[in-house]
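Novice: Got a structure for you, written out below as structure tokens; questions coming shortly.
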Amino acid sequence: NMWFQKIINKWKSKKEGSIYKYTTIKKVQSFSEIPKVVGSTIYLVGSVQSNKWVVLKCPCGDSGRIEVNLMKSCYPNWRLKIKEKNISLWPSIVANHNGHTCHFWLKGNKVEWSWY
């Protein structure tokens with residue numbers, strides 16, 4: 001059962017510590033400046049005046065990378081709040097990769113799972 005397996009995987013990830021607070025924020029001007037493995041770093045892509053994308057590792061324990069659009073001219077898009085070197089995004093993030101779905105909130109660099 002996919003639903004049951006998803007809950008087990010999230011529980012195992014929390015227990016093993018792979019659900020974490022992202023530790024670093026780096027500002028870059030293009031995707032080419034982002035390494036293939038992003039680790040616990042959140043990348044802000046854009047110019048000095050505006051952020052266009054947020055790139056981060058999927059917190060599910062998989063090595064998946066999530067690219068979150070911040071541009072209001074494109075749909076879907078998210079809102080970004082930066083406070084004291086911490087990032088929050090809304091609405092929640094849903095990532096589909098490698099046969100499973102992760103749904104979470106990013107609040108103050110911390111992952112808060114949405115258990116739907």
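Novice: Restricting attention to region 51-70, and to residues there that are more than 19 Å from Lys85 (Cβ to Cβ) and open to solvent by 50 Å² or more (accessible area, probe 1.4 Å), which single residue is farthest from the chain's Cα centre (by Cα)?
Specialist: Across region 51-70, the extreme among qualifying residues is Lys52.
Novice: Do any residues in region 13-37 that are assigned to a helix (DSSP H, G or I) have Cβ atoms under 7 Å from those of residues that are at pLDDT below 90 and open to solvent by less than 100 Å² (accessible area, probe 1.4 Å), where the two are at least six apart or on different chains, and which pairs are they?
Specialist: Short answer, once both residue conditions are applied: Ser13/Ile19; Ser13/Cys60; Ser13/Gly61.
Novice: For region 33-58, how many residues meet the condition of being of a type in the set (A, V, I, L, M, F, W, C) and more than 18 Å from Ser73 (Cα to Cα)?
Specialist: The number of residues fulfilling the criteria is 8.
Novice: Continuing with the same structure: Give me the pairs: first residue in region 87-113 and of a type in the set (Asp, Glu), second residue part of a strand (DSSP E or B), beta-carbon distance under 8 Å, and six or more apart or on different chains, which are they?
Specialist: Within 8 Å, the pairs are Glu112/Phe104; Glu112/Trp105; Glu112/Leu106.
Novice: Just the residues that are open to solvent by less than 30 Å² (accessible area, probe 1.4 Å) and touching a Lys or Arg at 6+ places or on another chain (Cβ under 8 Å), please, taken from region 81-101.
Specialist: Scanning region 81-101 gives Ile87, Ser88, Leu89.
Novice: Working only within region 62-116, note down all residues that are charged (D, E, K, R) and assigned to a loop (DSSP other than H, G, I, E, B).
Specialist: Asp62, Lys72, Glu84, Lys85
The values are calculated or read from the model by the stated rules, or taken from the named source; none is laboratory data. If you're wondering where the values come from, they're calculated on a predicted model, not measured in any experiment. With ideal geometry, Cβ positions are generated from the backbone for all residues, glycine too; neighbour counts draw on all protein chains shown. When the accessible area is computed, the model is the full protein with side chains, heavy atoms only, and any ligands, DNA or RNA have been set aside. Shrake-Rupley method; radii C 1.70, N 1.55, O 1.52, S 1.80 Å.
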